[in-house]
Amino acid sequence: METLAETFHRLTAYATDRHWLEPVDDDRVRQDFIPLLPETRPPQSKEYPQHLPRVALPAAAGAPVAAAPLLGGSDVAGTPAGRPPGLADLSVTLARCAGVKSRSPRSGEYYRAAGSAGNRHPYEVYVSARGVGGLTDGVWHYDPRAHALTLIGPPAAGDATTLVVSGVPWRSCWRYSERGYRHVGWDCGGVAAHAVLAASAQGLPARVETAFDDAAVGRLIGARAPEEFPMVLIVLGDGAPAVAGGENTAPGDLGAGAEEFPLVAAVHEAGSLRGAAEVEDWRRGRAGGRPGARAAVRVPDEAGDRTLELLVNGRRTTRRLDGAAVVPQTAARWITDVAAGAMPGDAGTLHEVRLAAHGVAESAPGVYCRASGGLERTASTARDATYRACLNQEPGRDAAAVVFLTPAPGPAIAPDARTYRASLLSAGFALSRVYLAVTALRLACSGLTFVDSELRAAVGAQDALAAIAVGVER
Ligand SMILES: Cc1cc2nc3c(=O)[nH]c(=O)nc-3n(C[C@H](O)[C@H](O)[C@H](O)COP(=O)(O)O)c2cc1C
């Protein structure tokens, strides 16, 4: 029998014969919902009452460390026996993972450190502080516009200061309906990737925990499911994350008019873990999927030695790619290696890479997979097929290569809803690192949604988790 994760994935799949805004004809998918209504557009971030204590974060000047070598994979999670973070480390980490970079002069909406389809950014970031020099222990909400923290709850039990990234599904479902839940996973994974990189560049240990007691962490951050729920933890230190026993946290205000999507609430709830025993069980189940020590990834000289600050500030989505451009094979190989890196932490390897290459030097067009010593061509493919799989979006047609992240072990998505959730995080984590690797290489890219029914023709895959087009700006 089909599991809820499988049902969710099938009912949120795009197909060639149906416009992406048209709902699948199934009563588990909302038939009455009208996406993209200007009058229901959700605000970009959560608000709190003015009277709560606030701390302005210091200017976020990071350590002068080259970022490209940190992109190599899960073997670079930070120093194993690190120091605890100080306020300056937190400032840098928050700015790099969720800070505001600029504002759209047209809409006034802001762009943030990591990408997000439709610029929706369906997440909030909280800090559960434990022994951070210059910051009272407690639960703090990150205000990205002011680059400041608001104290919203008393200290949690646990050892290590922890970032909690929550999902706010209405922000992405407003545009993508139920498929918005996939986006929540991608974007929270992207924030986690940036946070791990920023902490690593500061010389701090950082790991990603995808398994936790959902209700307990939800209480800790004052989230009210199904409007908001914790998605992932980034633990900034050794020992247990400081996420236990939270209570009396101010709930904050996500804005009026949020619509609910029963299928999203159901798939999230199906993946929720209750209590320490369920968390341990899930982790034990994932233990076999842990990546072994990865061979050090060779960083090409073209990646340069710019800091993470420069890469994050320089990162942007580019939709006008040159269809005649050819990228060096060393670049394509490094991007594939970066894309294959797993999240350092409890989830292990949940995705792998298929590269639809059309403009890679010394490489025949085709589908490539990673093999020892480089890339191995496994099938032929045509630009047309890649274009169709990328929803007929121009970057999919003009890219030198499109990176498809497919489920591991595959070929289908994980049937268990918690593993499915972690797979979406894993794909978003990898996609965000590709954005930064592409920036380091001075190439151009765009994250792309995909048409599930076209994956087989494009890259011979049954299912995919995420995709990104890479090339040269036109
Ligand atoms: C997972 C993901 C999927 C995306 N999908 C698309 C897409 O299908 N089409 C598109 O034009 N842009 C897509 N984007 C790019 C976003 O629209 C872009 O990140 C957002 O507008 C913010 O711009 P920035 O990346 O320059 O900060 C995607 C980005 C991400 C992270």
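We did not get these values from a lab; they are worked out from the coordinates using the rules stated. Since the model is a prediction, treat every value here as computed from it, not as a measurement. So basically every Cβ, Gly included, is an ideal-geometry build from the backbone, and we count neighbours across all protein chains shown.
Highest mean packing first, where packing is the average number of other Cβ atoms within 10 Å per residue, the peptides 162-171, 94-103 line up as 162-171, 94-103.
Using Cα-Cα distances under 8 Å and only pairs 6 or more residues apart, what relative contact order does the range 137-202 have, in percent? Walk me through the intermediate numbers first.
Values: 48 pairs, mean separation 13.1, N = 66.
After rounding, I find 20 percent.
Taking the highest mean first, how do the peptides 404-413, 212-221, 25-34, 309-318 order by number of other beta carbon atoms within 10 angstrom per residue? Intermediate results must be reported in sequence, preceding the final value.
Numbers: 404-413: 20.1, 212-221: 22.8, 25-34: 11.7, 309-318: 18.4.
Sorting 404-413, 212-221, 25-34, 309-318 by mean packing, highest first, produces 212-221, 404-413, 309-318, 25-34.
Place a point 7 Å from the Cα of residue 473 along the Cα-to-Cβ direction; which residues of the range 114-137 have their backbone N under 17 Å from it? Under 17 Å, as judged by backbone N against the label point of residue 473, lie 115 of the range 114-137. Placing unit charges on each Cβ (+1 for Lys and Arg, -1 for Asp and Glu) gives the chain a dipole about its Cα centre, and among 254, 356, 206 the Cα reaching farthest toward its positive end belongs to 356. Available extension along the chain between residue 32 and residue 55 is 3.9 nm, counting 0.36 nm per residue and deducting the alpha carbon span. A Förster radius of 22 Å combined with the Cβ-Cβ distance from residue 248 to residue 83 puts the calculated FRET efficiency at roughly 0.10. For the chain, the membrane-span-like helix rule (DSSP H, alpha carbon extent of at least 20 Å along the helix axis, mean Kyte-Doolittle at least -0.5) picks out 180-201, 417-440; this says nothing about an actual membrane. Oblate is the label for the range 148-244. Its Cα gyration tensor axes, ordered a ≥ b ≥ c, give a/c of at least 1.5 and b/c at or above a/b. If the segment from residue 260 to residue 326 were pulled out straight at 0.36 nm per residue, it would be longer than the present Cα-Cα gap by 19.2 nm. For the range 4-289, a crude dipole built from +1 on the beta carbon of Lys and Arg and -1 on the beta carbon of Asp and Glu, taken about the Cα centre, is about 920 debye to the nearest 20. Would you mind getting me the FRET efficiency between residue 453 and residue 136? Use the beta-carbon distance for r and R0 = 51 Å, nearest 0.05. Efficiency for this residue pair is about 0.45.
How big is the C-alpha Rg of the range 290-444 next to the rule-of-thumb value 2.2 N^0.38 Å, as a ratio? Write down the numbers at each step before the final one.
Details: Rg = 15.4 Å, N = 155, 2.2 N^0.38 = 15.0 Å.
The range 290-444 yields a ratio of 1.03.
Of 435, 407, 460, which is farthest along the charge dipole of the range 301-471 in the positive direction, counting Lys and Arg as +1 and Asp and Glu as -1 at C-beta? Among 435, 407, 460, the one farthest towards the positive end of the dipole of the range 301-471 is 435.
Kirkwood hydrodynamic radius of the chain from all distinct Cα pairs, in Å? Display every interim value, and only then the final one.
Values: mean 1/r = 0.0453 Å⁻¹.
Evaluated on the chain, it is 22.1 Å.
Relative contact order for the range 4-289: 24 percent, from Cα pairs under 8 Å spaced at least 6 residues apart, divided by residue count.
Distance between the modelled labels on residue 287 and residue 157, one decimal in nanometres: 2.4 nm (7 Å Cα→Cβ projection). Using the Cα gyration tensor of the range 254-349, with a ≥ b ≥ c the square roots of its eigenvalues, what is the shape: rounded (a/c below 1.5), prolate (a/b larger than b/c) or oblate (neither)? Oblate, since a/c reaches 1.5 and b/c is not below a/b. Taking 7 Å steps out from each Cα toward its Cβ at residue 371 and residue 109 produces label points 4.3 nm apart. Here the label points at residue 146 and residue 412, each 7 Å from Cα along the C-beta direction, are separated by 4.9 nm in the simple model. The length gained on full extension between residue 310 and residue 66, counted as 0.36 nm times the residue separation minus their Cα-Cα distance, comes to 86.9 nm.
Rounded to the nearest 500, what is the 222 nm mean residue ellipticity of the chain from helices alone, with -39500 (n - 2.57) per DSSP H run of 4+ residues and division by all residues? Mean residue ellipticity at 222 nm (helix-derived): -9000 deg cm²/dmol.
Taking the Cα centre of the range 121-234 as reference, the dipole from Cβ charges on Lys and Arg (+1) and Asp and Glu (-1) amounts to some 260 debye. Just want the answer: with Cβ charges of +1 for Lys and Arg and -1 for Asp and Glu, which residue in 138, 115, 157 is farthest toward the dipole's positive end in the chain? Going by the Cα projections, it comes out as 115.
Normalised by the number of residues in the range 301-471, what is the relative contact order in percent for Cα pairs under 8 Å and 6+ residues apart?
Working: 352 pairs, mean separation 52.7, N = 171.
RCO, the range 301-471: 31 percent.
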